[in-house]
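Written out below as structure tokens is the structure these notes cover.
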Amino acid sequence: GQQLNQSPQSMFIQEGEDVSMNCTSSSIFNTWLWYKQEPGEGPVLLIALYKAGELTSNGRLTAQFGITRKDSFLNISASIPSDVGIYFCAGPSPTNNNDMRFGAGTRLTVKP
Amino acid sequence: DAGVTQSPTHLIKTRGQQVTLRCSPISGHKSVSWYQQVLGQGPQFIFQYYEKEERGRGNFPDRFSARQFPNYSSELNVNALLLGDSALYLCASSLPSGRTGELFFGEGSRLTVL
């Protein structure tokens, strides 16, 4: 089935540093989404990408939909302590748009 | 405005028991999806309901069932619980005109099976 591979699995960075994480798949996705999950909470949508090559920003976050449609990356600039959490990439199953596939996540720790 | 609400937040069951989890979507959202999140993994799709009809089902056994009520709230039932059913169960709602993947998640119900 469609598997989303996220890297790195975890990151430990200093406050103020920039962060880059990515997500790859062996299958094509028509939509890429990035969610963030904090402890005790459900995932929250950060950025949605609907077109190959699309580059979208949301504050300090920037995400791109890869040209091959098999990858996406998320960058966070000038990290702050509240960026701590697990970042998931996601995309819909090719057979059912309602079936969202999630990667295993990148766990981000920001040291003040 | 209230977000997606789920109950109970935590529960402990023993193997073989049955559990019912409840979800109220955001007002105006008619679609509800259920996901299972095992520790260290991303959420995995279980069901999606829209206008009280099942619109999608993930790769889960028949022990898992769900329904949606006229007020768009939903219940997830799991019978004959196994240790491996221990997980965070997330409910998400979305607008009928919403774009693909734009899900609003609740805080989840954490189920522990002993």
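What number of residues within the stretch B:95-114 are away from chain A (no Cβ under 11 Å), modelled with pLDDT under 95 and touching a strand residue (DSSP E or B) at 6+ places or on another chain (Cβ under 8 Å)?
Initially, the stretch B:95-114 is screened for residues away from chain A (no Cβ under 11 Å), giving B:95-97, B:111-114.
Still in the running and modelled with pLDDT under 95: B:95-97.
With the extra rule that they be touching a strand residue (DSSP E or B) at 6+ places or on another chain (Cβ under 8 Å), the set shrinks to B:95-96.
Matching residues across the stretch B:95-114 total 2.
Give me the pairs: first residue in the stretch A:59-75 and under 10 Å from A:Ser25 (Cβ atoms), second residue among the polar types (S, T, N, Q) and crowded, with 18+ Cβ neighbours inside 10 Å, beta-carbon distance under 8 Å, and six or more apart or on different chains, which are they?
A:Gly66/A:Ser72; A:Lys70/A:Ser25; A:Asp71/A:Asn22; A:Asp71/A:Ser25; A:Ser72/A:Asn22; A:Ser72/A:Gln64
So which residues in the stretch B:18-44 are part of a strand (DSSP E or B) and modelled with pLDDT under 95, if there are any at all? Write out each step before concluding.
Applying the first criterion (part of a strand (DSSP E or B)) to the stretch B:18-44 yields B:19-24, B:31-37, B:44.
Selection gives B:Ser31 alone.
Filter the stretch A:86-112 for residues that are more than 13 Å from chain B (Cβ to nearest Cβ) and in a strand (DSSP E or B); which is farthest from B:Arg57 (Cα to Cα)? Steps first, please.
Of the residues in the stretch A:86-112, the ones more than 13 Å from chain B (Cβ to nearest Cβ) are A:108-112.
Restricting the remaining residues to those that are in a strand (DSSP E or B) gives A:108-111.
Working: A:Leu108: 31, A:Thr109: 34, A:Val110: 37, A:Lys111: 41 Å.
The qualifying residue farthest from B:Arg57 (Cα to Cα) is A:Lys111.
The values are calculated or read from the model by the stated rules, or taken from the named source; none is laboratory data. Note that the structure is predicted; figures quoted are calculated from it, not measured. Cβ sites come from the backbone with ideal geometry, for glycine too, and all protein chains shown count toward neighbours.
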